[in-house]
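Heads up: the structure comes next, in structure tokens.
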Amino acid sequence: MRPVTAQWRQVLARRRRQLMQAAGDGAILVLPAAPERIRSRDTHYPYRQDSDFWYLTGCDEPEAVLVLVPGRRHGEAILFCRERDPEREGWDGPRLGPEGAVEALGLDDAYPIADIDDILPGLLEGRRRVHYHLGRDPDFDLKLIGWLNRVRAQVRQGAQPPQEFLELGHLLDEMRLFKSADEIALMQKAADISVEAHRAAMRAARPGIHEYELQAEVERVFRRHGAEPAYASIVGAGANACILHYRANAAKARAGELVLIDAGAEYRGYASDITRTFPVGGRFSREQRALHDLVCRAQAAALAQARPGVPYEAGHAAAVRTLSDGLLSLGLLQGSLEAVVANGDYKRFYRHKTGHWLGLDVHDVGEYRIDGASRLLEPGMVFTIEPGLYIPADDATVPAKWRGIGIRIEDDVLVTRDGHRVLTGGLERSADEVEALMAG
């Protein structure tokens, strides 16, 4: 269990109070920790805590449940967790235990997880609404329904079971969408680590290097700074860069090819997300540079829309128009700009949106549209801007010189009161900057 500072305990308590205030009197909120997952036979995947649970507790242990009961006189914030067990701790490491959890996490009370069957039905009784992520963990769904049925079975004795199940995300997602100064500091740290990691990979690149060797350079820097990958790193050389979620990372990078690296560090739970595309030999070809410059212009056009009061989708629209205009100029598309945009012809070479929310999850929570319209950007939102172009290697409709080129450029952007701040802006972006870094 990573130590929680006094300052961070105050942050966690403030979040819990804010959530309970939004839920209102008569509510109860139930959040289980992420379950452990088997990788093979009796080995597990590395444990990663549920983001909502982490956001409200700072606890990275499995087999735990947070229960928030607004207005409860005997304590509103209750944790069920594993008891101390010297034998198991000798194998798996120390545990907080109920006594340690109260002090370490600033909770009102804590009980052994083994006692939840006896205690939770009593907490449900008399509450009108249950806020819970129904369907996220089917096994826990059944447990919660079982506890609810135990309360229902006592109706004739005067018990009052909850009458409504409400999706917890309606309240919690909106809270998480707006980052506090504490969160922004952690996201900046994750971004800084990722910038250093991408530079290390660019400097290590050479013809004949394997994609997984470049991945190792990136993730070595992550681990050296106490971070880990926020998602499976993508390292695609040559035509592999045209595969959006390329996973193999096993090919050799050949002279004359580009390498696309989409990798970000997760630091203290918060993700970064960077993509850069660079020539393995240190110099872009004429066609590679033309497309790279176009993607840079598209990112700049989208970035110009990153300010309060502007619809979120305006950035994507700006990137699409810039890319479409450039593709027409290069002869890769035909027709008028308006027709290419309206008909979606550009999607042959640009298949994805221009970004996503970023936070505890790399594709973070938060609505993109409200009442059918693109929501307006507000200070504290963090999202990526990541236009790209992908010319399939087997596309015989374009000249051979363009085929197999895949380029994406991605940065992390914070909306501020008077505009934006690029958290990952320290990393070289333009073709000239990338070539200079690699030459150095």
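Points worth noting:
- Test: residue in the range 59-77 that is open to solvent by less than 10 Å² (accessible area, probe 1.4 Å) and assigned to a helix (DSSP H, G or I): no
- Test: LEU123 is at negative phi and under 31 Å from the mean Cα position of the chain (by Cα): no
- Strands (runs of 3 or more DSSP E) completely within the range 177-275 that count 2 or more residues being without any contact (Cβ under 8 Å) to a residue 24 or more places away in the chain, surrounded by fewer than 22 Cβ atoms within 10 Å (Cβ to Cβ) and more than 20 Å from the chain's Cα centre (by Cα): none
- Evaluation of TYR47 against (1) crowded, with 21+ Cβ neighbours inside 10 Å; (2) of a type in the set (Phe, Trp, Tyr); (3) assigned to a loop (DSSP other than H, G, I, E, B) (one fails), failing number: (1)
- Residues of the range 331-343 that are surrounded by 16 or more Cβ atoms within 10 Å (Cβ to Cβ) and either on the phi > 0 side of the Ramachandran plot or without any contact (Cβ under 8 Å) to a residue 60 or more places away in the chain (or both): LEU333, VAL340, VAL341.
- Test: residue in the range 301-321 that is over 20 Å from CYS242 (Cα atoms), open to solvent by 40 Å² or more (accessible area, probe 1.4 Å) and more than 24 Å from the chain's Cα centre (by Cα): yes
- Residue selection: THR384 satisfies the criterion of being surrounded by 19 or more Cβ atoms within 10 Å (Cβ to Cβ), polar (S, T, N, Q) and touching a residue at least 12 places away in the same chain (Cβ under 8 Å).
The values are calculated or read from the model by the stated rules, or taken from the named source; none is laboratory data. Note that the structure is a prediction, hence the values are computed from the model and not measured. Quick reminder, even Gly has a Cβ in these numbers, built from the backbone with ideal geometry, and neighbours come from all protein chains shown. These accessible areas exclude ligands, DNA and RNA; they are computed on the full protein's heavy atoms, side chains included. Shrake-Rupley method; radii C 1.70, N 1.55, O 1.52, S 1.80 Å.
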